[in-house]
């Protein structure tokens, strides 16, 4: 299963919660992922909760079908990273992720 969130959705959610894109990682490989990668959110539990709430509002307003939000919530895993936690979503990726400046 490969589920996608668009870069525009990520930007809209970050705007709603007042966070920068620095909390998003595009290629996290967590425990038992065996080299596969997915997107993740760095921060405290409150940051994750605000992200999920805003994503739910956004998806609900756009298409009225919150099953994507529930699927994303079902996929979440977490790892401790020093003073923060990363919440990551195996099987999910961000469509149209930004490219490094070196890539063209």
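Spacing of the modelled spin labels on residue 78 and residue 8, each 7 Å from Cα toward Cβ, amounts to 3.2 nm.
The calculated FRET efficiency for the pair residue 61 and residue 93, based on their C-beta separation and a Förster distance of 22 Å, comes to about 0.45. Label-to-label distance for residue 45 and residue 71 is 2.8 nm, based on points extended 7 Å past Cα in the beta-carbon direction.
Looking at the square roots a ≥ b ≥ c of the eigenvalues of the Cα gyration tensor of the range 5-104, which shape do they give, rounded for a/c under 1.5, prolate if a/b is larger than b/c, or oblate? Please report the intermediate quantities before stating the final value.
On the way: a/c = 1.38, a/b = 1.19, b/c = 1.16.
Rounded, because the longest to shortest axis ratio a/c is under 1.5.
Beta bridges assigned by DSSP with both partners in the chain are antiparallel in approximately 75 percent of cases.
Across the chain, C-alpha contacts under 8 Å between residues 6 or more apart give a mean separation that, scaled by the residue count, equals a relative contact order of 36 percent.
Read-outs throughout are calculated quantities, based only on the coordinates presented, and are distinct from any laboratory measurement. Everything numeric in this text was worked out from a predicted model, so none of it was measured. Neighbour counts run over all protein chains shown; Cβ positions are idealised from the backbone, glycine included.
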